[in-house]
Every structure is written in structure tokens, then in C-alpha cells.
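Structure record follows, encoded as C-alpha cells.
Laboratory data are not the source of any read-out in this text; all were calculated from the coordinates shown. Every value quoted in this text rests on a predicted model; they were computed, and no experiment measured them. Positions of Cβ are generated from backbone atoms using ideal geometry, with glycine treated the same way; all protein chains shown enter the neighbour counts.
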Amino acid sequence: MASKNGDIPRIGVYVCHCGTNIGGQVNVPEVVAFARTLPNVVVAREYKYMCSDPGQMLIKEDIQKLNINRVVVASCSPHLHEHTFRKATLEGGRNPFLFHMANIREHVSWVTQDPEKATEKAKAIVEAAVYRIQFHEPLESKHVPVHPDVLIVGGGIAGITAALTLADAGKTVYLIERESSIGGHMAKFDKTFPTLDCASCILTPKMTTVKDHPNIHLMTYAEVLEVDGYVGNFRVKVKKKPRYVIEDRCIGCYVCIEHCVYKTPKHPSEFDEGIGLRKPIYIPFPQAVPLVAVIDPETCIEFKSGRCPKKCQKACREIVGRDAIDFTQKEEILEIQVGAVIIATGFQIFDPSRIPEYGYGRYPNVYTSLEVERLVNASGPTGGAIVLRDGRKPQSVAIIHCVGSRDRNYNPWCSRVCCMYSLKLAHLVRERTGAEVYNCYIDMRTPGKGYEEFYEKLLHEGVHFIRGKVAEVTDWTINPEEAGKLVIRVEDSLIGVVRRIPVDMVILSVGLEPRSDAEELRRLFHISCSAEGWFLERHPKLAPVSTYTDGVYIAGACQGPKDIPDAVAQAGAAAGEVLSLVDRGVIELEPNIAVIDARRCSGCHVCIALCPFSAIAFHAEENVARINEALCKGCGVCVGACPSRAISQQLFKDEQILAEIEGLLMVD
Amino acid sequence: MAYFYYPGCSLKGTGASYEKSLLAVFAALDIPMQELPDWNCCGATSYMSIDEKVALAMAARNLAIAEENGRDIIAPCSACYMVLRKTQKYIKEYAHIRESILTALKQAGLTYRGDSVRIRHPLDVLITDVGVDEIRKRVRRPLNGVRVFPYYGCLIVRPKNGFDHATYPTSMDVLLEALGCEVIDHPLKTKCCGGSLTGTLEEVGMRLVYILLKEAKKRGSHAIATVCPLCQFNLDAYQEKVQKMYSESFAIPVMYVTQLLGYALGAQHTHLGLEQHIIPVQEVFEMVR
Amino acid sequence: MSDFEPKIIGLFCNWCTYLAADLAGVSRTPYAANLRIVRVMCSGRIHPEHVLWAFRNGADGVLIGGCHPGDCHYIEGNFKTLRRCLLLKRLLEQFGVDKRRLRLEWISASEADKLRRVVDDFTETLRAIGPFARETPIFRPARTEAPGAVAASTDTKEEG
Amino acid sequence: MEKKKVGFYWCASCGGCEEAVVDLAEDLLTALEQIDIVFWPVAMDFKREDVERLDDGEIFATFINGAVRLSEQEEIVKLLRRKSRVIVAFGACSHMGGIPGLANGVAREAILDYYYRNGPALESREPMPPDPERTWKEHGFHLPRFYENVRALDQVVEVDYYIPGCAPPPNVVKGALAQLLSDQPPPSGTVLAATHALCHECELNDTKPEEGIRIQAFRRPHLVDKIDPHTCLLVQGLICLGPVTRGGCGALCIKGRMPCTGCFGPLDGVRDFGAAALSFVASIIDADDPHDIERILDEGIPDPLGTFYMYSLPKSLLFQKVLPSNGRRTARTEPRREKAESR
């Protein structure tokens, strides 16, 4: 039978063993023998690894020697290797779209326990592919230019790193940060493990470089509102929240803050995790970038009552002469156009009040690790003094690991950073207070360069290590030594006894969680989340910073718990991916667009309202609808509705889909 | 919504004041409640350890009767509550148990389809179905100034009961707050009261009783509020004994939360079984400011 | 009937349910081998004809998998398939086809386990309903004739 | 020039298609100059034996209207097939099953039961099933067999051309005859009407909104107070199948303010008329919430099968599954491997 474009299909079928991944479960020789019986199959072969060079070579040789003009590879998911084999088909001398992939690994061998059933299912999928490929036609891919600018969402260490890498390469970068300053979680830390570098010593220079870089447009106190378009051509709407201080005029001199009607700070500082206080007008921390004050309308008297003497405004106007404070500032919506996006929105910490037996929120001397980071930080609210809420210096401190992590009741995953930061805090607390420090851990996990050595060092610093999951933190005391203290009840599983350890301070090493609004962001950018809520990478090993949405990349802890070195490495990787995309300048679009056959179109208007991208318009003079190829994203919704069968979708034509269904059902 | 009330043996015996006050509270809140017709032992106590199958079948009989009438069961006794829930779960999850229980029920002319009958604790009903706001509205004699030590016991929260936290429950706290009480926060809410150990391993049992009494005393409690007949009995009856063993004097009234509720909702004293306690409870109400 | 293995055609969108099936593979989540998957870019591409074609060619059930509402890669294609499915189910019922044979599920890229549950459950449901070809009186050729009734055509006794 | 021999036959039909022939009026006389009618039971006295006497292929063309459900109909159409060079399915019933085809929505036994045993129209309380075999004065009689399903003509014999419509309007019949009798007849399998959908020739197509069609509520014609004759009926919420139905009729129904019900059947390439109709109608529903959608369907489309398959039920893909094919595949099955007969 001759296919539509006139040639007689000569099909080559290549079944991959994928080592034992497929071959271990599917009887590959049987599938190959079966494939040989299928119509128009000229050759069917098996190979250990089809994706390898010799595997691809088989295809190219068969095209040239046996005049194969249709290629079916039965191996893994098309999401993994479709591109590889299309390329091989092209290099063999055929149009790359005369190829189809049968997924017999992800959809068969890896999910089917009975080898016989797996083999039958693989046959069905191969038969479907053979039926389908008869209806494939040569297609031309369209190329569209890539806008060279880049959007980075999130100004933590990952976002900053990516921004600087790209800006240094000459790209224009829009860096969007929700808070009033960039810096993210890292800015809150005092020291970083395992080298005990001062966090702000290594971060602050990068922050100021961001601010001064001519290629970086920094937008703080801003959020992404809408995303439109596709790889190479995204249109993004950004909302700039009003900070009530004009950014260009403010010089960060603190005079307004000094003159606020609140003589002393009364409101918990978000940056200090509530350990320190701030005024309604404030600069979150001294190294903030941009160093610009911000007014919190929730606590500012002017916003609450409208009857504030507005001393801050007066001071700015009269003392500083800048007149930077503007109570009438409104939110601004900006629209930017970029070719690629890096999402680096980070994580949030686990809320330990969800575990009431640890007493967080009930016992004042139970802290989260992040609160203690602010306590030990030299620029924190206590100037680095580790003191209890009543000002006393703790004599004994317990650090509870895995709070909210590795726990089926809360988060099942290991948060990866807690062991190391707990060791760091243990070291700092011991060093600064001389207190007895008890680390209660489940397992000590210190894989990383210099990490195990750091643990080893701590073991010799007189820090106590107790292997056991803490049952509770209680103020129930049973003897005088415990009086006035918090008691940790923990089974020490190395000596097999339940211990009661009275301490002054408890540090909960809280785990990392996806941000609560990750879901909204995910929808904005059309990317996926894993079941846990972390942004999903395209491939866990081979494409760790790519997503299934072309042109959108992820970096840092928004993809999963990560320490600073890993977040920075990922940021670099994401920047590299973006550079490779942007510098290519053009992208090849999958030619799976919908096409209207004007001779068949009856002009019935049904398709027009259905197109989500407004790509279809009616042409009255010819009484037909027309698709704007540049706008069509290839969803096929119009094809599924066209009553005249005038619209077809390339690569997903009805004939192809029906043939595939038919083929799938031929094997019992 | 109408409920079946499943008293179990305790509420007809040592826990008589629990029954009295519970009925008074439900009457005061206009909650229709009827004793489960022809109920039998829940199968707790020794039965469960002697012959689990028979014990489960006995418990299931109560479920079957309730299901016939399509009503939820309120099981105030913690042991009944736990055993009935356990029975329901076993029937649902283990085919062989389900089979033998259904066979047994069949011989009694009964059948049991599934888990349409919900086993409810009075706290659950009060918090979830009635609501704290409603109760707060109905309070006629607020218990302002009464310092109450809420004690939940070990059974009603484990395994997860769906209406309260397993290690740090708060449903009773919330209720007591609504009555005006000063609720004492403490970490022993679900610690063991000594349970049946007071009769078998007396020393251990007494120590557990002592821990609770001491903590309640230390925290300045006017009363301990319980929801379990065994907890109530252990903590009430052994105060003198504990006093001797640990040379520390105790006289803390141990009340059912329903007695405090009933009082606040305006039920008559005589309907609350207030006289049926070893440590007198009248003085608790004298603490009202 | 216990050895009846239903055939299920899965019409899965490229971005969510197809990826969930890939993830089920990567995470080695076994499920009933009865499912055979066809990939489309969007569930909105699916035409009722595809479903009927599947039944006609021997499928016992059709599972349409799309992104959760609000998650569609193409903004709202999944709503189009929802509308078509709801109407198609009504039509199938009129055809005498058990409407449970057509199932629409929103399964996101991360929900490999949901995919497993749905496929296993669907397989069980179809096992209970039985083969499509024997289901309805209008497809079922008369086997026995009541005495005195008009003679049946032998011509229409094919398959089934 | 010798006149071409032509036959007419009717199967399960209402007679409207016979009227359609007569509706040609004087054009019929013109046609008779070219043709010679050799068989037309409704109008002329020919018997089966007359046809049997003809050589195979002697008839130039036979126009058959009506669907096939009785063994008698099957016998005659097979006979006519043998004797004719061209078979033309005339009208919606032979084209797609037509109105009689809707009977496929009901089990055969239920039909017999309703008409002969328990139906309200039975005068006697006694069931009166038809008696297939009867002898009277040593003459044996037998009734034709009543098949399980109604079939379109091409599900029984090979069909060369189709003249669509319920009934085919005179202009379509005339056009078709002209094509058939021309020196270059169209390729076999052609439906002899327009190649575009009804909308293409409908005057109201211009009144559709530029941004497309979205429907919040479907309205059934008999429940609508006033139909606006100057606005597209579909836009008004009436289920008009114009977008999915082959044109050629000149939008006659629309001109009479009745929505198109699809008698001309699908356009080339559409494998299942009902599915295509259902798909476009469902797609333009303006609701995303399942409850809203269900409500719109409840109120506006109480009978999807009757709505979308009014004329084509036997041709639906589902029926094709069990109906014997006529030897020529209706759907796209060329690369198909012959399926083992194991099922």
C-alpha cells in the first residue's frame, strides 16, 4: 500500500533491551519476531542499547542499505530519547518525523511484573507504532527567534548566582524578589558549614554586585502576576508592591526610622524570625539590597488610623532633604519580555507547632534553628549573644534533629541540610556559651566535601550525641535538677534506655518544605510539582534544572532540599542552560501545529472560540477559518471539535491516533 | 442527629456519675440520644486477651444493632470507644476476621455491612456536632476562676481518632475554656493513669497515679477533669494510698468533664452524681469567682 | 469470566498523565498490564470518535487522562474534554453501554500512585462488568429464539 | 442511442423518497428520454421474476431507498446488485439507516414485544405474535425474517453512489442524475451533494459572532417562544447540526426556521456522524464546572442519541463492530493485520 505521500512504507523496527531494563522483563527476541510479521515491516532488529552510537548506526545503515523510510524504535519514553532517534533518522537521510517511538520501558517493563504480560503489552505497543507510522509524513520544523533577556524569580543565593552569571555574559536579566531585599535565607545565617565562613561576608558582595550590575534589572518587593507565551518569547506581568518609600530617592540613612512615632520597635521583625523587633518603617537588615526603607501598612499608624503626625516623612523631607516617603504610592504592574525563565524561589521551613509534643509556641525556650541562626548572628537582634528569652545564658542546650523530616506524619523526606547545620549550631553554641550541647539525631547524614570531617571534629569538641528520636519536650519535672528546665525525653538507642535530659534551651532542627505558594507559581509557569510539592525537574539525573516547559528552568531549593553549594551549582547549571538557549538565538518548534484544509473548511465558526491562544480567525471573504501558525501551540483542541474534519494536527492526525488505537488492540 | 448511647459496664457501675452527668448534658443541649437496645459487653477487659475472636464478635454485635437503625454510637467509656473502633477497623481490613465475625453474627440473626456506623466519643460529638460556640452560648453558670487540669487518658486518642491530636489533645481544653474555667496546660494529658496496674502491679500503678496527682497539685489545680471511668477511679480512689506511699498529701477532686459541663449548663446538682466521689467535689464550685 | 482480562485504552495528555505513567515506570510502581497508552498533546485533542473507535476495535474500557482543572498546559483543553466526556457518557448509556467503561481522570505528572490506583481500580471495575462485546442487547445477537417468534437472521450472528 | 435501463426499489422507508422521484415533475419526463425503467414496484407492475430474467449487469443503475431489516429486502437488494452496474443509495435511510435505523437503539425482542404482545395499541388482550410459517389450503406461506438490526444499504451490498436527504430535494436528485448520466461519472463511493457543510451555504452563517460560538443553554425548538429568523439558530442555542452536515439542500430547514437535524449525513472523512456532532456541540458549551455542564445537558439535550444519530445510528462506529461488513471496509483499515479469530 502506498502511503499518502506516495511512497511505499518500508518500516524498520528496532527493539531495545536497555541492558536488562527492558530485556529483563520483556522477551525482546519474541517482540522482534512478532514485529517481522507486521505489514510493511522490512526489517526488525534488537539491540542492547539503541540510544548508543552503534544502536543509532543500525538505523542509519538500514535507511541507506535497505531503503528504510519509516523508523520505529521500541525503547523508553519519547520524553527521553525521541530527539535522539529523530536525529538518527535525519542523519540516515530521512525526514526526522518519519520516526515513532514505542515506550516499552516506562510503560511496560518497569511497571509489569508478569514477563508474559509484559511481552504481550510490548507487542501491542510495537504493533500500534507500526500501524501509526504508515501515516507519518515528512514535516518541516519552524524556527522562531529567542528573546535574549532572562527572567529570574527569587533573589536568594541561587537567583543571585544565576543572575550574575548571565549578566556577566552580557545578558539582560530581570531579577524579581518578593521581599524588600534580596539575600533569601542565606542572608539570615551567621556562619556556613562546614568551613564556618561568615555567610554575609560571602553573600553581601554578591548582593551589591547585583545592584550595581548594568545588565541586571532588580525588582524587589515584586511578584510575578501573569505569564504568557512560550520558550523564547515569554511575556510576563510583574506586580511591584508599594513600599511607600520612593526607591530612587531613599539613601538608606535610617533617619525616617529614628523619627517614627514609635520610639522603640514593637513589631516582630520578619527577617529576625520574630526574635528581634522592628518599627512600622524599617530596613530589614543593615546589608539589605536595595538599602531602602519600607513601610508596613499593617502596623503603620498612618495606614491604620490616618491620623499619624507622619514624623518619618517630615524627617526625610526636612533633615535628609530627600522627600522619599510617599504614603500614596500604588502598586505598579510592569510587563517584560524574556526568552527564558529561571525559577529560584527556595523553600520554607517546617512549622514545628504542628508537632505539639515538642512544645514550640508553648515553651518560650524552644526555638527553631532559623531563630537561633538570628540569635548567633553578629548583626542579629542580640548582637550574636546566645541568650534565652529572659536574657539568661543557657547552660545546656538540646538540638533535636529531623523535626518534621523523615516522619510519615509530617514530611517523609530527608531535608539534607539539618544534620550539618545542627552540627554548626552545636559548634557555635558550645564555642560561645560553653553550654552542654546534646544533639539528638536519628541518623547522622554528612555526605559532602568536608562534611564528615566537620562531624568528626564536633565529636571531639565535647558535644553530646544521642541516637534517638525525641519523644517529647516537657516541663514536667521529677527531680530538683530538672526544676525550672525543659526536659527532653528520648530513647538513647545506642545504650537502650529512655533518657530524661534537662536543658535550658531546645533547638528544633526544622526541615525544609516547598513554599506554600509553590502551587500558584507552578501554575503561572505551567510547570509541575512532585507529589511532595517541589518543582519537578525534567529528568532527575540528566536534566536536573530543566522542566517539561521549554525555556523554564529551576534552581536551588525550590527543586528539593539543598545546601548552599548545591544551590549555587544548580544556579550555574541553569544559567548555562539559559545561555545555550539564548545564544542559539533560534528554537526549533515541534511541528505539531494544527492545520486547516481550506478546501474542506465550511466556515462554521465552531473552532474559533475554542482556541485558548486566539490563533484561529474567520476570513469572511473566503468563508473559512485560518490558523495563525505563530500563535498555535499544538494542543489540538480545535481538531477534536472540527465538524468538517477540515483541521488536522501534524504528528497527531486522526489517522495516526486511530491506527495506534487499532494496533494496540490487535494483540490480546 | 439522633445517637445511640452505648453505656458499657462501667457507666452502669463505677462510672454511674459519668452516665448521669452525660445524660444531663445531652438533655441540656437537646441532643436526642437513646440507649442502644439490647447492648452487650464491648469485649474489653479480659475477654480480648483470652479469645480475641469471641471478643470481637461480641463488640460487632453492638455495631450490627446500631447499623440496623442507622445511627452513630456514642461510647463514653474509653475502653468501649477503643474496642468498638478497633473491631470496626479489623472487620474492614482483615478478610478472615470479617468472615468469622459475619458468620457469628448470622447465627444471631444479624448482619453487618461496613463502616456506615460511626463510633463517636462524647468530646467529638460536643466539639464537632454541637460546636463550642453553641455550648458557650448555653452556659448559664460560668465556672470562672476554677482551675482545671484536663486529663484525657491513653485510650481515646490512640490510634489517631480523627477529632483530636494523639499526643497533645485539646478538645477538652477548648470545652472547659468555653465554660469559663482556667485550663491548665501541661504535658501529661495522655500519660498512663495506672490503669489496671493498680490492681496487678500495685507499685507501678501507684507511681503513675502519683505522677499525675503531683503534677496537678504542682500546677495549682482545683480539679482534674477526665473522660474515662477507669482514670477517674484510679485518680480518685487511690489518693490516700498514694499519700501514704509517697508521704505527700493529696485531696484533688477528680471529675468527669460532663459534670463540669452539666453544672455550667445549669443541670440540677442531683442529676450530676456529684455525691458519688471519694474526694468530695462540692468545693470545686466554691472556687467560682 | 474470572480469566477475562479487559483491555483498556488510555488516551493521555503529554504533560500530565503521560508523564505520570513515565513516573510510574521510573519509580517502579507496578499496575495492571491491561492499560495501553496513546499519547496526545492535550486531552482536549481527544475526539469522541477515538473512544468509539477503541470500543469498536475491542477495547473494554477507555481511560482519558488529563491535567487537573486549572493545570492544563494549554490553559483549558481539559475542560473541553470534560464537556465531551460528560455528553459522551450519556450517549453511551443510551447505546446500552455501561458508562463506567469511559473514565476521565485528572492525573498530574507527579501522581504516579494515583495512576496506579486508577488503572487497578478501573481494571477491577471492567472485570466485574465483563467484555464490551457481550454487553448490551443491541449488540448481542439473539442466541435462542422463543417458540413462535419471528426467525432470527443468522447473518447478524457474527463475533460477540 | 439505446436507453439506459434503470430500476427503483424501496426497503424500510416511509415512501417519501418515492415522492422525491415524482417531485422531479416534468424533469422526470426529460429523464425518461434517456432511461428505461425496468423495475419500480411502487409505481409499475414488474415482478421479481422480471428482474431475475435480466442478465447480470444488464441494468445500468438501480436507485434503492430505505434501510434493510427484513430478509426479503436483503434478498432483493442482493439480486438488484447482481443485475445492476451501479447501485445508488437513495435517501437517508439507505444512505445511513435513516429514521428506521433509530430502532437499533431498542432490542429486537423489545420491539416485537411492544407491537405484538404488550403494546397499548393491541386491541385484544391476547398476544398476537406474527406467525412466520403458515399453511393455508396446502399453500405454504412464510413471512420474511426480521433481523436483529437495521442496516444501511452499504452494510448489505456494495453501493456506488449516495444521494442523501430525507427525502432528497429535487435539485439534489436532478444534479445527481446529471452526474450519473454524464460521460465522466464521479468516483465510486461519492455522495452526490455538496462537499462542504450546510453552514457554508446558509444565509445565517454571516450572523455568527466573530469571536466564535459559546452556548450557555441549549433550547429545544418546540419550547422556544420565538426564533429569530435573522440570527444563526446555533448561536440562539438551538442545536443546529449545520456545521457537521453535508450541504447541498440549500439550507431549506433553516429557511423554515427549523434547525438542521443532519439528514444529509457527514462530510467526507467523518467516520461517525454522531460522534462528530456530539464533539462540536459539547465543545462549545460555555461551562467548566461538571455540575454546570450536567445541568446544561439535562435541560437542553435530553436525548443525545436521537439528537446526534437521528439518521445515522446503524452507521455509528459502535454498530459497525458487530454488523457484518459488506466486504468493503468502511473505515481506514488498510495496513491492518488480519486479526486472529481467537476472541
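Using only Cα atoms, locate the centre of region A:347-420 and the centre of region A:519-548, then give the distance between them in Å, rounded to an integer. A separation of 29 Å, based on Cα centres. Count Lys and Arg as plus one, Asp and Glu as minus one, and take only other residues whose Cβ is under 11 Å from that of A:GLY92; the net charge is then +2. Counts of other chain beta carbons within 10 angstrom of each beta carbon in peptide C:14-24 average 5. Here D:LYS4 is the anchor, and the aspartates and glutamates within straight C-alpha reach of less than 15 Å, apart from those fewer than 8 places off in the same chain, are D:GLU33, D:ASP36, D:ASP55, D:ASP56, D:GLU58, D:ASP183.
For A:TYR553, nonlocal amide neighbours, meaning residues 5 or more places apart or on other chains whose placed amide H falls under 5 Å from its own, are A:VAL341, A:ILE342, A:ILE343. Over what distance in Å are the Cα centres of region B:49-78 and region A:207-225 separated? After rounding, the separation between the Cα centres reads 66 Å. Computed packing ranks the peptides B:105-112, A:15-22 as A:15-22, B:105-112, most packed first, by mean other Cβ atoms within 10 Å.
Relative contact order of region B:214-284: 35 percent, from C-alpha pairs under 8 Å at least 6 residues apart in sequence. For region D:2-60 versus region B:238-289, the inter-centroid distance based on Cα atoms is 108 Å. Dividing the Cα radius of gyration of chain A by 2.2 N^0.38 Å, with N the residue count, gives 1.19. Computed log10 I(q)/I(0) for region D:23-95 at 0.12 Å⁻¹: -0.34, from the Debye equation with unit scatterers placed on every C-alpha and solvent omitted.
Considering only the other residues whose Cβ falls under 9 Å of the Cβ of B:ARG219, what net charge follows from Lys and Arg at +1 and Asp and Glu at -1? Around B:ARG219, the surrounding residues sum to +1.
Once divided by 2.2 N^0.38 Å, the Cα radius of gyration of region C:8-139 becomes 1.00.
Against chain D, whose longest principal axis comes from its Cα atoms, helix D:273-283 is set at around 0 degrees. Fewest neighbouring Cβ atoms within 10 Å first, the residues A:VAL497, A:VAL376 line up as A:VAL497, A:VAL376. Region B:3-120 gives an Rg/Rh value of 0.97, both radii derived from C-alpha positions and Rh following Kirkwood. Using a simple spin-label model with pseudo-atoms 7 Å out from Cα toward Cβ, A:VAL261 and B:ARG138 lie 4.7 nm apart. Calculated FRET efficiency, A:GLU318 to A:LYS211, Cβ-Cβ distance, R0 = 30 Å: about 0.60 to the nearest 0.05. Against the main long axis of the alpha-carbon atoms of chain D, helix D:71-83 sits at an angle near 70°.
Shape descriptor for region D:119-196: Rg over Rh equals 1.24 (Cα atoms; Rh from the Kirkwood inverse mean 1/r).
Once the C-beta distance of B:THR103 and C:THR125 is scaled by a Förster radius of 22 Å, the resulting FRET efficiency is 0.15 to the nearest 0.05.
Here the relative contact order of chain A, from alpha carbon pairs under 8 Å that lie six or more residues apart, stands at 13 percent.
Label sites at D:GLU294 and A:ASP407, each approximated as a point 7 angstrom past Cα along Cα to Cβ, lie 4.1 nm apart. With a cut-off of 10 Å between beta carbons, the residues surrounding A:VAL545 carry a summed charge of -1, where Lys and Arg count +1 and Asp and Glu -1. The distance between label points at B:GLU240 and D:SER182 comes to 11.9 nm (points 7 Å beyond Cα on the Cα→Cβ vector). Residue-normalised convex hull volume from the C-alpha trace of region A:11-141: 85 Å³ per residue. For region D:198-311, the C-alpha radius of gyration divided by 2.2 N^0.38 Å, with N the number of residues, is 1.01.
In this structure, the amide hydrogen of A:ILE399, modeled 1.01 Å from its nitrogen in the peptide plane, lies closer than 5 angstrom to those of A:TYR438, A:ASN439, A:CYS440, A:ILE507, counting only residues at least 5 positions away or on a different chain. Length available on full extension from A:LYS237 to A:LYS304: 0.36 nm per residue minus the Cα-Cα distance, which gives 21.1 nm. For the cross-link pairs B:LYS160/B:LYS241; A:LYS117/C:LYS89; A:LYS123/C:LYS99; A:LYS469/B:LYS89; B:LYS86/B:LYS191, the ones whose C-alpha atoms lie over 23 Å apart are B:LYS160/B:LYS241; A:LYS117/C:LYS89; A:LYS123/C:LYS99; A:LYS469/B:LYS89.
With Rh defined as the Kirkwood radius, the inverse of the mean 1/r over Cα pairs, the Rg/Rh of region A:255-320 is 0.96. Pair-distance distribution of the protein assembly as shown: all C-alpha pairs, bin width 10 Å, starting at 0; shares per bin in whole percent are 1, 7, 11, 14, 15, 15, 14, 10, 6, 4, 2, 1, 0, 0.
For region A:85-218, what percent of Cα pairs sit more than 23 Å apart? More than 23 Å apart: 62 percent of the Cα pairs in region A:85-218.
Kirkwood's formula applied to the C-alpha pairs of region B:137-286 gives a hydrodynamic radius of 15.5 angstrom.
Rounded to the nearest 20 debye, the dipole magnitude of region A:145-249 is 220 debye, with +1 charges on Lys and Arg beta carbons, -1 on Asp and Glu beta carbons, and the Cα centre as origin. Database remark: amide H of A:ARG45 closer than 5 angstrom to the amide H of A:VAL13, A:TYR14, A:VAL15 (H placed geometrically; neighbours at sequence offset of 5 or more, or on other chains; Pro and chain starts carry no H).
Using the Karplus relation 6.51 cos²θ - 1.76 cosθ + 1.60 with θ = phi - 60°, the per-residue 3J(HN,Hα) values for region A:485-498 come to 10, 8, 10, 8, 9, 8, 7, 7, 6, 7, 10, x, 10, 8 Hz, with x marking Gly and Pro.
Remark: the A:THR20-A:ILE333 segment gains 107.2 nm on full extension, using 0.36 nm per residue and subtracting the alpha carbon distance.
Fraction of C-alpha pairs exceeding 19 angstrom in region A:150-285: 59 percent, rounded to a whole number. What the phi angles of region A:84-101 give under the Karplus curve with 6.51, -1.76 and 1.60, with θ = phi - 60°, is a coupling list of 4, 7, 4, 5, 4, 4, 5, 5, x, x, 10, 4, x, 8, 8, 10, 9, 10 Hz, glycine and proline written as x.
Annotation: average projected area of chain B is 14.3 square nanometres, based on the convex hull of Cα atoms across all directions. If you take the beta carbon distance between A:ASN628 and D:ALA110 as r and set R0 to 51 Å, what does 1/(1 + (r/R0)^6) give as a FRET efficiency, to the nearest 0.05? Rounded to the nearest 0.05, the efficiency is 0.45. By other beta-carbon atoms within 10 Å, ranking B:MET82, B:MET33, A:MET505, B:MET172 with the fewest at the front produces B:MET33, B:MET82, B:MET172, A:MET505.
In order along region D:201-213, the Karplus-derived 3J(HN,Hα) couplings, from 6.51 cos²θ - 1.76 cosθ + 1.60 at θ = phi - 60°, round to 10, 8, 5, 7, 4, 5, 8, 6, x, 4, 7, x, 10 Hz, and Gly and Pro are given as x. Once the Cα atoms of helix B:202-218 and of chain B are each reduced to a long axis, what angle between those two axes, in degrees from 0 to 90 to the nearest 10, is obtained? Once rounded, the angle reads 50 degrees. The relative contact order of region A:594-649, computed from alpha carbon pairs under 8 Å that lie at least 6 residues apart in sequence, is 48 percent. Of all lysines in the structure, those lying under 18 Å Cα to Cα from A:LYS541, and not within fewer than 8 positions of it along the same chain, are A:LYS562.
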